[in-house]
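Undergrad: My structure is below; once you've seen it, I'll send some questions.
The values are calculated or read from the model by the stated rules, or taken from the named source; none is laboratory data. Source: prediction; values computed, not measured. Every residue, glycine among them, receives a Cβ derived from its backbone with ideal geometry; neighbour counts consider all protein chains shown. These accessible areas exclude ligands, DNA and RNA; they are computed on the full protein's heavy atoms, side chains included. Shrake-Rupley method; radii C 1.70, N 1.55, O 1.52, S 1.80 Å.
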Amino acid sequence: MKHALTMTIVTLLLSTGVSEARKPPPIDPALLSAPTISATPAAVMIAGFDRDQDTRVTRAEFDAGLDRSFKHGDTNADAQISLIELSGWAQSWLGHSGALPGQYDFDRDGDDRVSRDEYRVEFNRRFAEMDKDKDGVLVRAELITLSSPRFQPRQPEKPPQKPNEGKKAR
């Protein structure tokens with residue numbers, strides 16, 4: 001009897017479409033955001049190293065740009081960028097004091113200072129990572145990032161209100 005009752009309930013649930021309710025509704029493609037093209041703060045900085053404005057950053061331009069940016073960050077000229085100097089450097093060169101690369105990207109020996117060598121090592125690593133075709137030149141396409149679409153629910157649009165709508169009658 002108990003088994004027959006269970007089977008009857010299952011049959012009823014299946015016939016009423018409860019099993020269909022467990023499937024998530026299909027995502028409307030209109031709710032997907034388009035692919036996003038962006039550039040990291042470091043990529044924007046590196047694009048600024050393009051001295052001859054040919055939209056390509058050669059290794060020589062890159063090295064000269066690194067020297068200029070390190071010198072700018074080392075405000076007290078002690079051949080190191082302190083954590084306080086690093087904040088000002090990031091604000092100027094990356095657009096925000098909290099932008100990456102930051103302290104933990106540079107300061108590999110943990111002494112709370114960024115030496116010229118630590119600075120170069122981190123940016124050389126980034127150059128090599130960005131240089132997709134390994135030709136020693138960074139072009140704009142290598143400096144951008146393409147992000148895949150994400151689901152972003154949109155708020156339903158409100159119909160326009162008539163001039164007197166929503167006002168109390170007197």
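Undergrad: Filter the stretch 101-142 down to the residues that are among the polar types (S, T, N, Q), touching a strand residue (DSSP E or B) at 6+ places or on another chain (Cβ under 8 Å) and in a helix (DSSP H, G or I) and list them by number.
TA: So in the stretch 101-142, the residues among the polar types (S, T, N, Q) come out as 103, 115, 124.
If we keep only those that are touching a strand residue (DSSP E or B) at 6+ places or on another chain (Cβ under 8 Å) as well, we get 103, 115.
The answer is Gln103, and nothing else.
Undergrad: With (1) hydroxyl-bearing (Ser, Thr, Tyr); (2) open to solvent by 50 Å² or more (accessible area, probe 1.4 Å); (3) at pLDDT 70 or above; (4) not in a loop (DSSP other than H, G, I, E, B) as the list, and Ser69 as the residue in question, which single condition is left unmet?
TA: With (1) hydroxyl-bearing (Ser, Thr, Tyr); (2) open to solvent by 50 Å² or more (accessible area, probe 1.4 Å); (3) at pLDDT 70 or above; (4) not in a loop (DSSP other than H, G, I, E, B) applied to Ser69, the lone miss is (2).
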